[in-house]
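Participant: Before I ask anything, here is the structure I am working with.
The values are calculated or read from the model by the stated rules, or taken from the named source; none is laboratory data. What you see is a predicted model, and the numbers here were worked out from it, not measured in a lab. Cβ atoms come from the backbone with ideal geometry, glycine included; neighbour counts cover every protein chain shown. Just so you know, the surface numbers come from the protein's heavy atoms only, side chains and all, with ligands and any DNA or RNA stripped out. Shrake-Rupley method; radii C 1.70, N 1.55, O 1.52, S 1.80 Å.
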Amino acid sequence: MSQKTDNKAATSRHPIVVILGHIDHGKTTLLDYIRKTNIVSKESGGITQHLGASEIVWHDKRITFLDTPGHEIFSKMRVRGARVADVAVLVVAADDGVKPQTKEALEAVKKANIPFIVAINKIDKTTADIDRAKAGLAEIGVLLEGWGGSVPCVPLSAKEGKGVDDLLETIFLLTDLEELRGDATLPLRGIVIESHLDPRRGPAAMIIIRDGHIKKGDFILAGSAAAPVRILEDGFGKPIESAGPSSPARVVGFDAVPEIGSEAITFSSKTELEEARAALEQPAARENTPADIGILVKADVAGSYEALVEELRASVPADLPVKFFDGGVGEVTESEIKNISAAKIPFVVGFHVRMRGPILDVAERLHVSIRSFEVIYEAIDWIREELKKLAPKKITREDHGKLLVLKVFANIPAGRIIGGRAKDGVVPADAQFDIVRQGETVGKGRIISLQRNKVAATELRSGEEGGLMVQSSRAIDERDILAFYYEREA
Ligand code: GDP
């Protein structure tokens with residue numbers, strides 16, 4: 001039973017596997033099939049629920065599978081997921097081949113520097129073409145066994161279960177070589193792979209254990225969130241007494257929603273935990289310096305929060321003084337609005353969170369721009385547009401032709417009348433110019449009127465002569481060069 005992880009295996013631990021791949025290529029189906037056919041205890045009910053990770057037993061050997069969100073926006077989480085895992089399974093549908101998210105998944109696996117197996121899925125379909133899928137993989141640099149490389153490849157049908165045993169076997173072959181190590185006797189070292197606000201039971205987190213144990217009666221600190229370990233469950237939501245290396249364990253009842261990716265450690269008393277937490281939180285008095293532009297993000301789940309903050313950070317132009325305030329999971333509160341109103345230009349972005357009338361009133365009173373979104377890209381677009389308006393305008397210069405000044409008829413600041421010949425391109429009537437004298441820019445100006453053959457013109461082409469009335473910061477001399485250009489806002 002998964003709750004009895006004993007101390008015998010102080011140095012080896014079972015594999016943690018992440019399944020990645022393009023949407024609809026069968027990740028969920030594969031995971032569901034594996035879980036359904038290999039659950040530890042048949043009485044554990046809610047296996048349709050995805051809880052972040054689950055541990056199964058296959059031929060008396062354990063494997064922990066991580067759930068991976070499929071949507072593109074969660075690429076960051078996928079990278080994290082891949083880092084927690086020991087081995088990745090890259091699912092490619094035989095009827096669809098390599099797709100954009102296949103490449104993304106491959107990148108994530110490469111970054112995590114873990115071995116991977118290719119599962120070519122849906123081979124039961126009449127439209128399946130395994131060789132084409134393999135060729136597509138070769139094109140993106142995945143060299144499979146038998147195709148000049150060493151990446152294991154297992155054709156399977158997640159729907160019918162065919163080939164799934166081969167996949168599990170291959171996972172063990174691969175991880176046996178890796179000699180996975182974890183020390184059950186060490187203090188806990190775990191990583192939060194999923195977290196959310198359970199509406200009935202409070203903040204909950206799924207933790208993957210690398211070393212040590214979590215047991216009931218411990219006090220756990222995950223990032224800056226703390227909990228007494230009273231509710232402890234396995235990946236199927238079944239109550240357990242303790243969990244050890246490579247196992248997933250859900251702890252419910254934190255005092256805040258732990259951040260995904262944060263490290264979890266345990267203590268034997270609440271006092272020890274509070275001391276550690278106080279020490280960790282010392283440098284966090286950073287919310288008090290005023291910022292020019294402030295952004296606060298609130299979302300329904302930690303994964304979306306992180307993904308959104310990540311995307312927003314990437315959208316901020318380097319020359320803008322933007323500060324991200326500590327947001328997180330849950331509804332926007334009045335004190336958060338007050339906090340962020342310290343910024344000169346404050347924004348609050350909600351994702352799948354309710355914004356109550358009174359909160360909107362406070363925001364309006366404190367001049368905080370606040371909006372709630374159901375689609376992550378719309379939230380990003382909003383902030384992008386707003387920041388674009390605030391960005392200092394970048395001016396770029398677009399050079400045009402030059403005018404060689406042949407004659408100066410009048411030289412008063414209100415209007416200098418000159419004659420000249422265009423060269424090196426077109427002289428547009430509405431452009432500005434630099435006055436270049438002996439190779440040096442000595443002044444600036446613009447054309448008031450331009451004539452070619454005594455007729456108003458919009459431009460002079462290279463070689464053409466014309467008469468101009470100009471205004472300029474400096475008197476113009478014969479033989480000066482007027483270098484024309486437009487200034488454009490980038
Ligand atoms: P995910 O987005 O990668 O998790 O893909 P799903 O597991 O949701 O599968 C997408 C669709 O493909 C569903 O309709 C599945 O029933 C179907 N599917 C998955 N695996 C197989 C398979 O091996 N054979 C066939 N014929 N269909 C499959």
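Participant: Identify the residue in the range 468-479 that is surrounded by fewer than 18 Cβ atoms within 10 Å (Cβ to Cβ) and on the phi < 0 side of the Ramachandran plot and, among all such residues, is modelled with the lowest pLDDT. Break it down stepwise before answering.
Facilitator: Here is the first cut: in the range 468-479, the ones surrounded by fewer than 18 Cβ atoms within 10 Å (Cβ to Cβ) are 469, 471, 473-475, 477-479.
Still in the list and also on the phi < 0 side of the Ramachandran plot: 469, 471, 473-475, 477-478.
Working: Met469: 87, Gln471: 84, Ser473: 79, Arg474: 84, Ala475: 88, Asp477: 92, Glu478: 93.
So the residue we want is Ser473.
Participant: Just checking, does the range 235-254 include any residue being assigned to a loop (DSSP other than H, G, I, E, B), at pLDDT below 90, aromatic (Phe, Trp, Tyr) and open to solvent by less than 40 Å² (accessible area, probe 1.4 Å)?
Facilitator: Yes: one or more hits.
Participant: Give me the pairs, please: first residue somewhere in the range 370-399 and among the small types (Gly, Ala, Ser), second residue anywhere and assigned to a loop (DSSP other than H, G, I, E, B), beta-carbon distance under 9 Å, and either six or more positions apart or on two chains.
Facilitator: Partner pairs satisfying both residue conditions: Ser372/Val332; Ser372/His352; Ser372/Val353; Ser372/Arg354; Ser372/Met355; Ala391/Pro317; Ala391/Asp319; Ala391/Leu320.
Participant: So Ser12 ticks every box in (1) surrounded by fewer than 18 Cβ atoms within 10 Å (Cβ to Cβ); (2) modelled with pLDDT under 85; (3) within 14 Å of the ligand (Cβ to nearest atom) but one. Which box is left unticked?
Facilitator: (3)
Participant: Scan the range 295-304 residue by residue and report those that are open to solvent by 40 Å² or more (accessible area, probe 1.4 Å) and either more than 23 Å from Ile193 (Cβ to Cβ) or not β-branched (Val, Ile, Thr) (or both). Break it down stepwise before answering.
Facilitator: First pass over the range 295-304, keeping only residues open to solvent by 40 Å² or more (accessible area, probe 1.4 Å): 300-301.
Listed by number, the list holds a single entry, Asp300.
Participant: Given Ala53, Ala108, Ala112, Ala82, which one is out of contact with any helix residue (DSSP H, G or I) (no Cβ under 7 Å at 6 or more places or on another chain), modelled with pLDDT under 90 and more than 14 Å from the ligand (Cβ to nearest atom)? Walk me through how you get there before you give the answer.
Facilitator: Values: Ala108 fails: out of contact with any helix residue (DSSP H, G or I) (no Cβ under 7 Å at 6 or more places or on another chain); Ala112 fails: out of contact with any helix residue (DSSP H, G or I) (no Cβ under 7 Å at 6 or more places or on another chain); Ala82 fails: out of contact with any helix residue (DSSP H, G or I) (no Cβ under 7 Å at 6 or more places or on another chain).
Exactly one residue qualifies, and that residue is Ala53.
Participant: Next question. Return only the number of the condition from (1) within 16 Å of the ligand (Cβ to nearest atom); (2) open to solvent by less than 50 Å² (accessible area, probe 1.4 Å); (3) over 30 Å from the mean Cα position of the chain (by Cα) that Thr127 does not satisfy.
Facilitator: (2)
Participant: From the list Ala227, Ala264, exactly one residue is open to solvent by less than 50 Å² (accessible area, probe 1.4 Å), under 16 Å from Val329 (Cβ atoms) and not in a helix (DSSP H, G or I). Which is it?
Facilitator: Numbers: Ala264 fails: under 16 Å from Val329 (Cβ atoms).
Among Ala227, Ala264, only Ala227 is open to solvent by less than 50 Å² (accessible area, probe 1.4 Å), under 16 Å from Val329 (Cβ atoms) and not in a helix (DSSP H, G or I).
Participant: Out of the range 18-37, which residues are near the ligand (Cβ under 7 Å from one of its atoms), surrounded by fewer than 23 Cβ atoms within 10 Å (Cβ to Cβ) and under 14 Å from Lys162 (Cα atoms)?
Facilitator: Thr29, the sole residue that qualifies.
Participant: Picking from Phe351, Phe325, which residue would you name as being more than 17 Å from the chain's Cα centre (by Cα), modelled with pLDDT of 90 or more and of a type in the set (A, V, I, L, M, F, W, C)? I'd like the intermediate steps shown before the answer.
Facilitator: Numbers: Phe351 fails: more than 17 Å from the chain's Cα centre (by Cα).
Within the list Phe351, Phe325, the selection yields Phe325.
Participant: Next question, about the same structure. Just the residues that are more than 16 Å from the ligand (Cβ to nearest atom), open to solvent by less than 80 Å² (accessible area, probe 1.4 Å), within 27 Å of Asp24 (Cα to Cα) and not polar (S, T, N, Q), please, taken from the range 150-186.
Facilitator: Residues satisfying the conditions are Val151, Pro152, Ile171, Phe172, Leu174.
Participant: Condition test on Val375, is it modelled with pLDDT of 85 or more and crowded, with 18+ Cβ neighbours inside 10 Å? If you could, list the steps in order and put the result at the bottom.
Facilitator: Values: modelled with pLDDT of 85 or more: yes; crowded, with 18+ Cβ neighbours inside 10 Å: no.
No, not satisfied.
Participant: With the condition kept exactly as written, say whether any residue in the range 308-328 is touching a Ser or Thr at 6+ places or on another chain (Cβ under 8 Å), under 26 Å from His196 (Cβ atoms) and either open to solvent by 60 Å² or more (accessible area, probe 1.4 Å) or part of a strand (DSSP E or B) (or both).
Facilitator: No, that holds for no residue.
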